[in-house]
Amino acid sequence: MTRIKVLVVDDSAVVRQVVASQLAHDPGIEVLAAVADPILAMARMKVQWPDVIVLDIEMPRMDGITFLKKIMAEHPTPVVICSTLAEAGAQTSMAALAAGAVAIITKPKIGLKQFLEDASEDLVTAVKTAAKVNVRVLHATIKNTADVIMPAAEKHSAMIQTTERVVALGTSTGGTQALELVLTGLPRVTPGIVIVQHMPEKFTAAFAERLNNLCQIEVREAKNNDRVVNNRALIAPGGKHMLLRRNGAQYFVDVIDGPLVNRHRPSVDVLFRSVAKCAGANALGVIMTGMGDDGAAGLLEMRTAGARTLAQDEESCVVFGMPKEAIKRGGVERTVPLSAIGREIMLQL
C-alpha cells in the first residue's frame, strides 16, 4: 500500500513533535518533515512534494493563509488547517476554506499537548480524507487575489512623501485605444507612469514600441529593475506581473513570474497593491475601461494608503466593468472622462 506523504508546518516545536509522532504511528502515513514556517516548507517541497499538508495559520515570515493560497495557485495540494485561530465559524476559518483548505482542526490555547494526543484519531482521519480529495476540482472555483504574489500593506504603515511621484494605470478591454489617447496627449515632461494592460505575451513589446513612436514621452515594455522616472511610461510585459519597488526616494519595477491573479498575468491588482505599499500618498491610481474586476481591490488599497484614485467614466469606457467594480468597493475618489485623464496625470508633477 502506498503511504500518504505528509508535511507538517507549524512554528511550535511541541506541535511539530506531537503531530508528526501521532501521524507516523499510522502505517498508512509517512511524515516527510515537520518544519517551522512556510519558507522552510517551500524549500523542503522542492525535494519531495507531499500528498497532504498539515498547516498552522499564525507563523513568522509568512502566514498560513498566504501560504495556502500560494500552494493552491501553483500546485494544488490538500491542506488540513490545524490552528488556534481556526475556530468554527470564525473569519479566519472561512478565509481558509475559501482559499482551498479541505479540513480544519481547532487547537486549544491551553492544554495543547494533551489535546493533540487525544485528538490523534481525528487528525489521522482528516489527513486520510484530505488525501482522497480532488483538490484540482476544488481549486477550479477559486479565483486568486494579489495575496499569492505579495501580502497587503500593514495598517497605519503610512509612506513618507518624497518629491518622486508615480502614476499607476490599469486597463483591459478597450484599453489599447484609451492608453494611446491618454499617452499621446501628454507633454514631454510628466510624472513616472506604470501601466498594466491585459494583453497576451509578446504583444506588449510591439504595443509599447508603437506608443513610443507616437508619444512625446518614452514608452517601453518594462524590464526587471527598470527605474520609474519622469517622462517615462513602463508597460508590464504580457505573461509577467509588474510590481513597484522603492529604494530610498527612488522607484523601480520588479517584473516577475507568478500565478494568474483575477485570471490575469499581468494583474492590475498586483501592480496597485505594490504601489499602495511602496508609494502611498505619492501616487495616483487610475482604473480604466475593461471587463471584470481586476484592479478594484488594489485601487481601494491605494486609496486607503493615501493615494488619489480615479476611474474612467462609464460614457467614455468601451466596457465599464473594472471601473464600476472599483467604484462599488469604495476605491474611487472621482470619475472622469477619458479626455481628462491626461490632465489629472499632470497634476501629479
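Before moving on, here are some points about what is shown:
- Annotation for segment 260-327 versus segment 44-83: alpha-carbon center distance of 29 Å.
- If the convex hull is drawn through the Cα atoms of the chain, its volume per residue in Å³: 137 Å³
- Sum of -39500 (n - 2.57) over DSSP H runs of 4+, divided by residues of the chain (222 nm, nearest 500): -10500 deg cm²/dmol
- A straight chain from ARG61 to GLN177 at 0.36 nm per residue would run longer than the Cα-Cα distance by 37.5 nm.
- With both residues required to sit in the chain, DSSP beta bridges show an antiparallel share near 20%.
- Percent antiparallel among DSSP beta bridges (both partners in segment 157-346, rounded to 5): 30 percent
- The aspartates and glutamates whose alpha-carbon is closer than 12 Å to the alpha-carbon of LYS223, local same-chain residues fewer than 8 away aside, are ASP254.
- In terms of packing, defined here as the mean over residues of other Cβ atoms within 10 angstrom, the peptides 169-175, 311-317 line up highest first as 169-175, 311-317.
- About the centre of its Cα atoms, the chain shows a dipole size close to 620 debye [charges on the beta carbon of Lys, Arg (+1) and Asp, Glu (-1) only; nearest 20 debye].
- In order along segment 43-52, phi translates into HN-Hα couplings of 5, 5, 6, 5, 7, 7, 7, x, 7, 9 Hz, rounded to whole numbers, per the Karplus curve 6.51 cos²θ - 1.76 cosθ + 1.60 with θ = phi - 60° and x for Gly and Pro.
- The ratio of the alpha-carbon radius of gyration of segment 142-281 to the globular-protein estimate 2.2 N^0.38 Å is 1.00.
- Filtered trypsin sites (Lys or Arg not before Pro), segment 169-225: DSSP coil and at most 16 other beta carbons within 10 Å: ARG188, LYS202, LYS223
- Here's how it looks for ARG165: its modeled amide H is under 5 Å from those of GLY192, which are all 5 or more places away or on a different chain.
- Beyond 21 Å in Cα-Cα separation lie the following of the pairs LYS70/LYS202; LYS69/LYS240; LYS69/LYS324: LYS70/LYS202; LYS69/LYS324.
- FRET efficiency estimate (nearest 0.05) - Cβ-Cβ, ARG210 to ARG3, R0 56 angstrom: 0.45
Read-outs throughout are calculated quantities, based only on the coordinates presented, and are distinct from any laboratory measurement. Just so it is clear, the model here is predicted, and its values are computed rather than measured. Note that each Cβ is placed from the backbone with ideal geometry, even for glycine, and that neighbours are counted across all protein chains shown.
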